[in-house]
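Inspection log for the structure reproduced underneath, given as structure tokens.
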Amino acid sequence: DTGAAPERTPDAAPGSAPRRAAGREADGLAVASFVLGLVGLLVFNLLLGPAAIVMALLALARRTRRPGRARLGLALGVADLVVLAVLVTVNGTVAWDLAG
């Protein structure tokens with residue numbers, strides 16, 4: 001035994017694994033927010049719009065490395081609710097009617 005302490009690498013630093021996992025989780029929330037907001041423009045805007053907004057806000061609060069995607073998800077979630085409001089106001093329904 002040489003008595004020397006083992007070398008620590010940056011990856012082995014205490015607390016680094018939970019921080020990376022939280023970063024990945026925030027990035028996943030940002031991407032999910034974007035996807036849900038985009039899909040919500042076509043279907044289930046009543047459910048997917050608010051879900052996209054909540055996920056985007058959580059991703060931004062958790063300091064995602066993809067803030068642009070989270071902001072886009074937030075904007076798309078709001079757009080989902082605007083589309084829903086327009087559909088309800090114009091047609092009195094929450095369904096798309098492409099046939100005219």
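The values are calculated or read from the model by the stated rules, or taken from the named source; none is laboratory data. What you see is a predicted model; the values in this text were computed from it and never measured. Cβ coordinates were reconstructed from backbone atoms using ideal geometry, including for glycine residues, and neighbour counts include every protein chain displayed. These accessible areas exclude ligands, DNA and RNA; they are computed on the full protein's heavy atoms, side chains included. Shrake-Rupley method; radii C 1.70, N 1.55, O 1.52, S 1.80 Å.
Tabulated data for the structure shown
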| read-out | value |
| --- | --- |
| Cβ-Cβ under 7 Å pairs, at least 6 apart or on other chains, the range 24-43 side free of Cβ contacts under 8 Å to residues at least 24 places away in the same chain, far side part of a helix (DSSP H, G or I) | VAL39/LEU48 |
| Some residue of the range 89-96 being of a type outside the set (Phe, Trp, Tyr) and touching a Lys or Arg at 6+ places or on another chain (Cβ under 9 Å) | no |
| Residues (in a helix (DSSP H, G or I) and among the β-branched types (Val, Ile, Thr)) located in the range 44-88 | ILE53, VAL54, VAL78, VAL82, VAL83, VAL86, VAL88 |
| Search result, residues across the range 57-73 that are open to solvent by less than 50 Å² (accessible area, probe 1.4 Å) and closer than 25 Å to VAL88 by Cα | GLY73 |
| All positions within the range 32-56 that are β-branched (Val, Ile, Thr) and buried (at least 20 other Cβ atoms within 10 Å of the Cβ) | ILE53 |
